[in-house]
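Beneath this line is the structure, given in structure tokens, with notes to follow.
The values are calculated or read from the model by the stated rules, or taken from the named source; none is laboratory data. The shown structure was predicted, so the numbers you read here are calculated from the model rather than taken from an experiment. Every residue, glycine among them, receives a Cβ derived from its backbone with ideal geometry; neighbour counts consider all protein chains shown.
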Amino acid sequence: MLWDIDGTLVRAGDLGAAVFDRALLAVLGRAPNERIRMSGKTDPQIVHEYLDLMEVDEPGSVPEILHRLEWELAADRHRLAAEGSSCDGAAAVLERLAADDRVVQSVLTGNVAANAVVKLAAFGLERWLDVEAGAFGSDDADRRALVGVALARQREMRGRDVAAQDVWVVGDTPDDLACARAGGTRCLLVATGRYPVDELRGAGADAVLADLTDTERVVEILTAGL
Ligand SMILES: [Mg+2]
């Protein structure tokens, strides 16, 4: 199981966007006048879109902005824990699946790796996930490349050969579905991010749920055929 983080397991609240404002301000000397839609995108993709929006022709500044983004979120991790939340039912599902020895759980997220760890740890979710062997926005700006990254890490770090068709990508946006399709995996979408359940139902995922609160149902979907 490859879990998306924002909108699927965790809600960072305004802080998720505010750290981009602050990182851009710190590196470029000015913050954007408006915010771009972040759902489903990788952190480097978001930074590139902000540079376009701000008409800044400095692609070389992206690594520095991403580094500052890590610094900003780490500095605000206590605020994240206070103002953000884990998504309803997420902890119970992760705990249940972690106890199933047929299942390996990691993350596939647009966050840079350091920020993925901070967001999960703010709500104690990292204990059920093999985060280290996950795939992150820091691996590739194109989310569609990340299933391959995650499977390669399982092979190289854990000696485990996992076939893509045995993998579920769980996310909250059509971008998660596009990533699953590009990687040849199955996809469960949950409507706990910015996309309403009806819009996700039309996207063509293998399964769509309003949220993760029905633990039995989620586990049943993700472990069917094991
Ligand atoms: Mg998401």
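Laid out as a table, the results:
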| read-out | value |
| --- | --- |
| Subset of the range 138-164 [under 13 Å from the mean Cα position of the chain (by Cα) and over 15 Å from residue 178 (Cβ atoms)] | 138, 139, 150 |
| Residue identified as at positive phi and more than 16 Å from the ligand (Cβ to nearest atom) among 70, 34, 55 | 55 |
| Test for residue 84: is it within 15 Å of the ligand (Cβ to nearest atom) and either modelled with pLDDT under 95 or more than 23 Å from residue 120 (Cβ to Cβ) (or both) | no |
| Residues that are of a type in the set (D, E, K, R) and touching a residue at least 40 places away in the same chain (Cβ under 8 Å), drawn from the range 55-112 | 68, 70, 72, 76, 77, 79, 83, 88, 96, 100, 102 |
| Hits in the range 111-122 (condition: touching a Phe, Trp or Tyr at 6+ places or on another chain (Cβ under 8 Å) and not aliphatic (A, V, I, L, M)) | 111 |
| Residue within the range 72-84 that is surrounded by 22 or more Cβ atoms within 10 Å (Cβ to Cβ), more than 20 Å from residue 143 (Cβ to Cβ) and of a type in the set (A, V, I, L, M) present | yes |
| Candidates 71, 3, filtered to the one that is under 30 Å from residue 214 (Cβ atoms) and aromatic (Phe, Trp, Tyr) | 3 |
| Some residue of the range 45-55 being part of a loop (DSSP other than H, G, I, E, B), touching a helix residue (DSSP H, G or I) at 6+ places or on another chain (Cβ under 9 Å) and among the hydrophobic types (A, V, I, L, M, F, W, C) | yes |
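This table checks each residue for (1) away from the ligand (no atom under 13 Å from the Cβ); (2) assigned to a helix (DSSP H, G or I); (3) among the small types (Gly, Ala, Ser).
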| site | (1), (2), (3) |
| --- | --- |
| 92 | yes, yes, yes |
| 97 | yes, yes, no |
| 110 | no, no, yes |
| 118 | yes, yes, no |
